[in-house]
Structure formats: structure tokens, C-alpha cells
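Novice: Below: one structure in C-alpha cells.
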Amino acid sequence: MFDLAGRTAVVTGAGQGMGTGVATALGSRGAHVLVNDIDSDRAEMVAAQLEADGASAEALPFDVTDLDQVQQAMAERRIDILVNNAGNAGAHAMRPRPFAETEPGEWDAPLAVNLGGVMNCTHTVLGGMVEREWGRVIGIVSGAGTQGVRIGVAAYSAGKGGAAGLLRSVALEVARSGVTVNSVALGLMSNTEGGEITADLAKGIPTGRLGTPRDLGALCVYLASEEASWMTAQTIPLAGGSITS
Ligand SMILES: NC(=O)c1ccc[n+]([C@@H]2O[C@H](COP(=O)([O-])OP(=O)(O)OC[C@H]3O[C@@H](n4cnc5c(N)ncnc54)[C@H](O)[C@@H]3O)[C@@H](O)[C@H]2O)c1
């Protein structure tokens, strides 16, 4: 079960963090992994690490917000699995503020990467998947987008909620074509285990710990697999119990 041999997967923003975990997990199940990141050095490093671990991988750097770059990198390739992972809260991650205190010009960047990037990448590969009657599209979204949060990242929430809605509609459009489309709504994740800050944050999570790239990788392996062919149009919480719908 969950054998991905013969499949080619793109993971966007895989140069660190959650994306690296997803790329590693897909590679470990036999997929050929195209490691995307806007930072080409990081993409090269992760691809080299996957290869060193015995997986098949290559770096595919591009900026998901630039449709020309996205098309140039992917339009002519056979992509079976797309994981839309690249995203961030942009300036609001460093300086969270209530929506009323933000300036309209600040909304563009979070929408461009979290929603525009998903549109660009999904649109570029979807036609080929439908034509070949097989494909898996996965969006990495957030409880901030599906439930909302009051921590001063509303534009990020809009991008993530938009991506989840986009992918649910796309899923229904292609549901008869062998292509599934789902999102994973993440709760609080960590790249590292332990530490004081992590322990403090973990107190509010029912399972008592933050999620890891490995947790996300395992779910993506399932969603990317043949066995998940009846799972589509869903936004699946992966949050240690802290997101329930
Ligand atoms: N970490 C969390 O707690 C958490 C929670 C909810 C959702 N998420 C989502 O999960 C995804 C991964 O999160 P993470 O914590 O690993 O993020 P991260 O910031 O550690 O890594 C994101 C990677 O994406 C790349 N990237 C950024 N913009 C890009 C672009 N325009 N084109 C291509 N690559 C780009 C970055 O260079 C970086 O390597 C993001 O979409 C994030 O919004 C994370």
C-alpha cells in the first residue's frame, strides 16, 4: 500500500520546514520528487539530501507567484502529484496586527503566495492530469484560514481560506477524471522537537505537542496514493485535536 513508484511529485516551498518533510516522505515511498523553492540553494540541498537517502529527486526552483516561471518549470513535464506547500504570513508573521490597523497595500503579498501561488501551480498541471486520467493535488492550508484566528494575520487567513475553497471547487470539477484534490489544514507545527517556547505553545494543544514535518509527510503520502482515490474535495485538519472542522 501507498507505493508511489513511477509517480513524479512536485512539492513547492520544499527547501525547509514542512515542505522538506513532505518531499522526504513522498521520496521514501518511491516517487521521483521535484524539490521546488524560491531559494535555489535550499532546493538543491534538499534534493541532494533525498538522493543521499536513496530517493530520486531533483531541484526545481521557481517563484510560485510568477506564472511565467511556474509554466516554464512545469507545463511541459508530466506531473502526477502536486503539493502546494509554499506559503507564509509575510510581514504579518513578524509584525502581527489587527486587520483594521493594516494598510491595503499589505494584503497583496500574503494573497499572492498563499492563494495566487496555488492557482498558478494547480492551473499549470491540472490539464495534463485530467488528460492522463490520474492526478493528486494537495494544498497545505491552515486553521487560520478554515477557522480563523485572532493573532493579527487576517490577510494570511484570507489566502489560506481562499486556497481551501479554490481546491474544493476544482476537486468537484475534476472528480470524474481520476484526479483528486484535497487540502490539509495545519495547526501549530514545529520543525524542532522540545524547547521552552515549543513546550509553552504545546500546552493549548489537546495532544500536548506540536505537529512535525513527519506528521504532515505521512498524511500527504496517503493523499498522494492510489489508495486515496475516493478521498477528494476535503479540507482535512491535522492539528493534534485543536482544529475539529
Ligand atoms: N509551521 C506552521 O505552524 C504552519 C501552520 C499552518 C500552516 N502552515 C503552512 O505550511 C506551509 C509550510 O510552512 P513552513 O512552516 O514549513 O514554512 P517555512 O517558511 O519554514 O518554509 C516555506 C518555504 O517556502 C519557500 N517559499 C516562500 N515563498 C515562496 C515562493 N513564492 N515560491 C516558492 N517557494 C517559496 C521558502 O523559501 C521556504 O523554504 C506554508 O504554506 C504555511 O503557511 C504552517
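The values are calculated or read from the model by the stated rules, or taken from the named source; none is laboratory data. These numbers were taken from a predicted model, which means no experiment stands behind them. Note that we place each Cβ from the backbone using ideal geometry, even for glycine, and neighbour counts take in every protein chain shown.
Novice: Keeping to segment 145-156, report how many residues are surrounded by fewer than 24 Cβ atoms within 10 Å (Cβ to Cβ) and outside any loop (DSSP other than H, G, I, E, B).
Specialist: Adding up the residues that qualify gives 3.
Novice: Do we find that ASP37 is within 12 Å of the ligand (Cβ to nearest atom), of a type in the set (Asp, Glu) and assigned to a helix (DSSP H, G or I) in this structure? Lay out the reasoning, then the answer.
Specialist: Numbers: within 12 Å of the ligand (Cβ to nearest atom): yes; of a type in the set (Asp, Glu): yes; assigned to a helix (DSSP H, G or I): no.
Criteria not met by ASP37.
Novice: Right, next: Applying the selection to segment 157-188, what residues are free of Cβ contacts under 8 Å to residues at least 40 places away in the same chain and part of a helix (DSSP H, G or I)?
Specialist: Initial filter on segment 157-188 (free of Cβ contacts under 8 Å to residues at least 40 places away in the same chain): 157, 161, 165, 169, 173, 176.
Selection gives SER157, GLY161, GLY165, SER169, GLU173.
Novice: Restricting to segment 111-137, and then to whatever is within 16 Å of the ligand (Cβ to nearest atom), over 13 Å from the mean Cα position of the chain (by Cα) and among the β-branched types (Val, Ile, Thr), can you tell me which residue is nearest to GLU227 (Cα to Cα)?
Specialist: Among residues in segment 111-137 that are within 16 Å of the ligand (Cβ to nearest atom), over 13 Å from the mean Cα position of the chain (by Cα) and among the β-branched types (Val, Ile, Thr), the one nearest to GLU227 (Cα to Cα) is VAL125.
For (1) part of a loop (DSSP other than H, G, I, E, B); (2) of a type outside the set (A, V, I, L, M, F, W, C), each residue gets a yes or a no:
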{"residue": "GLN49", "(1), (2)": "no, yes"}
{"residue": "ASP68", "(1), (2)": "no, yes"}
{"residue": "GLN71", "(1), (2)": "no, yes"}
{"residue": "GLU76", "(1), (2)": "yes, yes"}
{"residue": "ALA93", "(1), (2)": "no, no"}
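Novice: Restricting to segment 70-89, and then to whatever is near the ligand (Cβ under 8 Å from one of its atoms) and of a type in the set (A, V, I, L, M), can you tell me which residue is modelled with the highest pLDDT?
Specialist: Among them, the one singled out is ALA86.
Novice: Using beta carbons and a limit of 7 Å, which pairs, at least six apart or on different chains, have the first residue in segment 113-140 and farther than 22 Å from ASP63 by Cβ and the second one among the basic types (Lys, Arg) and assigned to a strand (DSSP E or B)?
Specialist: Short answer, once both residue conditions are applied: none.
Novice: Within segment 71-84, does at least one residue satisfy the condition of being without any contact (Cβ under 8 Å) to a residue 12 or more places away in the chain and of a type outside the set (A, V, I, L, M)? Can you show your working first?
Specialist: First pass over segment 71-84, keeping only residues without any contact (Cβ under 8 Å) to a residue 12 or more places away in the chain: 72, 76.
Narrowing the set further to residues that are of a type outside the set (A, V, I, L, M) leaves 72, 76.
Yes, segment 71-84 has at least one match.
Novice: Answer with yes or no whether LEU82 is in contact with a strand residue (DSSP E or B) (Cβ under 9 Å, 6 or more places away or on another chain), part of a helix (DSSP H, G or I) and of a type in the set (A, V, I, L, M, F, W, C).
Specialist: Values: in contact with a strand residue (DSSP E or B) (Cβ under 9 Å, 6 or more places away or on another chain): yes; part of a helix (DSSP H, G or I): no; of a type in the set (A, V, I, L, M, F, W, C): yes.
Judged against the criteria, LEU82 is not a match.
Novice: Related question: Which condition from (1) within 9 Å of the ligand (Cβ to nearest atom); (2) under 18 Å from VAL118 (Cα atoms); (3) surrounded by fewer than 22 Cβ atoms within 10 Å (Cβ to Cβ); (4) hydrophobic (A, V, I, L, M, F, W, C) is the one that VAL64 breaks?
Specialist: Answer for VAL64: the failing condition is (3).
Novice: May I ask you to list the residues in segment 1-18 that are within 16 Å of the ligand (Cβ to nearest atom), touching a residue at least 60 places away in the same chain (Cβ under 8 Å) and either acidic (Asp, Glu) or out of contact with any Leu (no Cβ under 9 Å at 6 or more places or on another chain) (or both)?
Specialist: Filtering segment 1-18 down to residues within 16 Å of the ligand (Cβ to nearest atom) leaves 9-18.
Now restrict to residues that are touching a residue at least 60 places away in the same chain (Cβ under 8 Å): 9-14, 16-18.
Passing the criteria: GLY13, GLN16, GLY17.
Novice: Given the residues ALA233, ALA224, ALA218, ALA175, which is the only one that is crowded, with 20+ Cβ neighbours inside 10 Å, more than 11 Å from the ligand (Cβ to nearest atom) and of a type in the set (A, V, I, L, M, F, W, C)? Reasoning before the result, please.
Specialist: Numbers: ALA233 fails: crowded, with 20+ Cβ neighbours inside 10 Å; ALA218 fails: crowded, with 20+ Cβ neighbours inside 10 Å; ALA175 fails: crowded, with 20+ Cβ neighbours inside 10 Å.
Checking each option against the conditions leaves just ALA224.
Novice: To continue, here is another question. I'm trying to understand the selection: among the residues of segment 178-228, which are closer than 20 Å to VAL125 by Cβ and of a type in the set (Gly, Ala, Ser)?
Specialist: GLY178, SER183, ALA224, SER225, ALA228
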